[in-house]
Amino acid sequence: MLNRIDLRGQDLTARELLSIVPRADVNVGDALAVVEPIIEDVRTRGADALRELGARFDGVTPEHLRVPVGRIEAALETLDDAVRAGLEEAIHRVRTFHVATVPPPVSVELAPGATVSQRWVPVGRVGLYVPGGLAVYPSSVVMNVVTAQAAGVPSIAVASPPQKEFGGLPHPTILAACALLGVDEVYAVGGAQAVAMLALGADGLCDPVDVITGPGNVYVAAAKRAVTGLVGIDSEAGPTEIAVIADAQADARFVAADLLSQAEHDPMAGSVLITDSEELADKVDVELAALASATKHSERAHTALGGRQSAIILTDDVDQSVAVADAYGAEHLEIQTEDAHEVAGRIRNAGAIFIGAFSPVPLGDYLAGSNHVLPTGGTARFASGLNVTSFLKAVSYIDYGAYALGAVGDKVVALADAEDLPAHGEAIRARLEES
């Protein structure tokens, strides 16, 4: 069912591996031409543009761009009990983990009277985007909001597309998740226009934010690129992807089920098996074909699994599998091998690593406690998933007394003179003359 890439017997460089691993054909640059006029329209016309863009792209003109608090509360009252219990457990686990990861302040006395400190300060306001296309993502509300709250952000706004079947409001499960988290600033705005609204603000409706996070389609990613520099962003999220490193002892049914779990997200989702066992590859193909034909979103899954972004990659051994995985830099990487912990410890590039047969990616999607907003498209080679530092700034505090400055003043002057910045040196000399 999956395309096969046979690397056995080949000694490939890192550069060669980068050119071989499968990728979705997504070009954020091309989408910029589409979103730039949208951003400018929101800049100049504000709420009027947002209503018209909602009608154009979502098929509905929202009665309320900002969702009334009563509608948010009502959504929670009608939420299915089992879904509520799941969301509450996810909130508890995600919050517990993320609060524990807030970096502590540091203070270092470099010499008597010379102290340099660092403190992590939350940004003042964030905008969190929750998509509403092929699926409903209350879990993304949890991942974004809880992380921002754990970081100490005082002002949080959520934007999610208006839904025609819900009278121009975001999906009620999205609203219910916001209610559970105490978020009452929610906007029925989607796509690039939501990013523009959050970044630029809209008079009388929404104040601009400092950071925008959350996944979305290629137009959301392009809009985030366009406003980067005006605001901070987490990443330009692309289609979801999973890679599984497996050997002969792996359970083919587990591997197939996990590959399918991401393929059902999007026709452009990537599902990649990296294995040194051709026998396992054959078994996974058989299992995957059966599962994909029986699943609810079969057409979507078949398109994703048959696309250029999905494949079985055959390797000589686990060492080569690790090299391939590092070249691929998966958003989600599962390790289903003997001594999975040891193999996981050798991986450098992955958004999140799921160790062993009973840590599947869907666990992380919902309530493992980790974050599911992760780098895609190979950007895990240099980027991290969403975490508390996405909403924190490291601020340095320099506290030198007269004696401490005098001990190094001449050295500062020498360096300033070497850089031909004499006024820098004079600022030091003025103080040395006083001491």
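When the chain is described by a simple charge dipole with +1 on each Lys and Arg Cβ and -1 on each Asp and Glu Cβ, the residue from 265, 177, 103 located farthest towards its positive end is 177.
Within segment 275-346, the percentage of alpha carbon pairs spaced more than 21 angstrom apart rounds to 35%. Sequence-ordered 3J(HN,Hα) estimates for segment 324-338 from the Karplus curve with 6.51, -1.76 and 1.60 and θ = phi - 60° stand at 5, 4, 5, 5, 6, x, 5, 4, 10, 10, 9, 10, 10, 9, 4 Hz, glycine and proline given as x.
Backbone phi angles across segment 382-396, fed through the Karplus curve with coefficients 6.51, -1.76 and 1.60 (θ = phi - 60°), yield HN-Hα couplings of 9, 10, 10, x, 4, 8, 4, 6, 5, 10, 10, 10, 8, 10, 8 Hz in residue order; Gly and Pro are listed as x. For residue 214, the residues 5 or more places off, or on other chains, whose built amide H falls under 5 Å of its own are 129, 234, 235. Dipole of the chain (Lys/Arg Cβ +1, Asp/Glu Cβ -1, origin at the Cα centre): which of 91, 211, 54 lies farthest to the positive side? It is 54, whose Cα lies furthest towards the positive end.
The coefficient of translational diffusion for the chain, derived via Stokes-Einstein from the alpha carbon Kirkwood radius under 20 °C and 1.002 mPa s, stands at 90 µm²/s. Beta bridges assigned by DSSP with both partners in the chain are antiparallel in approximately 30 percent of cases.
Calculate, in nm to one decimal, what residue 286 and residue 96 gain on full extension: separation in residues at 0.36 nm each, minus their alpha carbon distance. Present the calculation step by step, with values, prior to reporting the outcome.
Numbers: separation 190, 0.36 × 190 = 68.40 nm, distance 4.01 nm.
Length gained, residue 286 through residue 96: 64.4 nm.
For the pair residue 251 and residue 393, label points projected 7 Å from Cα toward Cβ lie 4.9 nm apart.
Packing, taken as the mean count of other beta carbons within 10 Å per residue, orders the peptides 159-169, 238-248, 253-263 from highest to lowest as 238-248, 253-263, 159-169. The packing ranking, built from the mean of other Cβ atoms within 10 Å per residue, places the peptides 94-101, 421-428, 281-288 in the order 281-288, 94-101, 421-428, highest first.
Net charge dipole, the chain: roughly 960 debye, given to the nearest 20, about the Cα centre with Cβ charges of +1 for Lys and Arg and -1 for Asp and Glu.
Whole angstrom only: what separates the Cα centroid of segment 301-350 from the Cα centroid of segment 153-230? First find each Cα centre; the distance between them is then 34 Å.
For residue 119 and residue 348, the FRET efficiency from 1/(1 + (r/R0)^6), where r spans their Cβ atoms and R0 equals 22 Å, is about 0.15. The calculated 222 nm mean residue ellipticity attributable to helices in the chain amounts to -14000 deg cm²/dmol, summing -39500 (n - 2.57) over DSSP H runs of n ≥ 4 and dividing by all residues. Per residue of segment 38-47, what does 6.51 cos²θ - 1.76 cosθ + 1.60 with θ = phi - 60° give for ³J(HN,Hα)? Whole Hz please, x for Gly and Pro, Karplus curve as stated. With coefficients 6.51, -1.76 and 1.60, one gets 5, 4, 5, 4, 5, 4, 8, 10, x, 4 Hz.
Take the Cα of residue 434, step 7 Å toward its Cβ, do the same at residue 64, and the gap between the two points is 5.7 nm. Ordering 351-364, 144-157, 70-83 by mean Cβ neighbour count within 10 Å, with the highest value first, yields 144-157, 351-364, 70-83.
Compute the Cα gyration tensor for segment 28-236, then decide on rounded, prolate or oblate, letting a ≥ b ≥ c be the square roots of its eigenvalues: rounded whenever a/c is under 1.5, prolate when a/b is larger than b/c in the other cases, and oblate in all that remain.
On the way: a/c = 2.20, a/b = 1.32, b/c = 1.67.
Cα axes put segment 28-236 in the oblate bin.
Every read-out reported here was derived from the displayed coordinates using simple, explicitly stated rules and does not represent laboratory data. Bear in mind the structure is a predicted one, so any value in this text is a computation, not a measurement. All Cβ positions, even for glycine, are placed from backbone atoms using ideal geometry, and neighbour counts span all protein chains on display.
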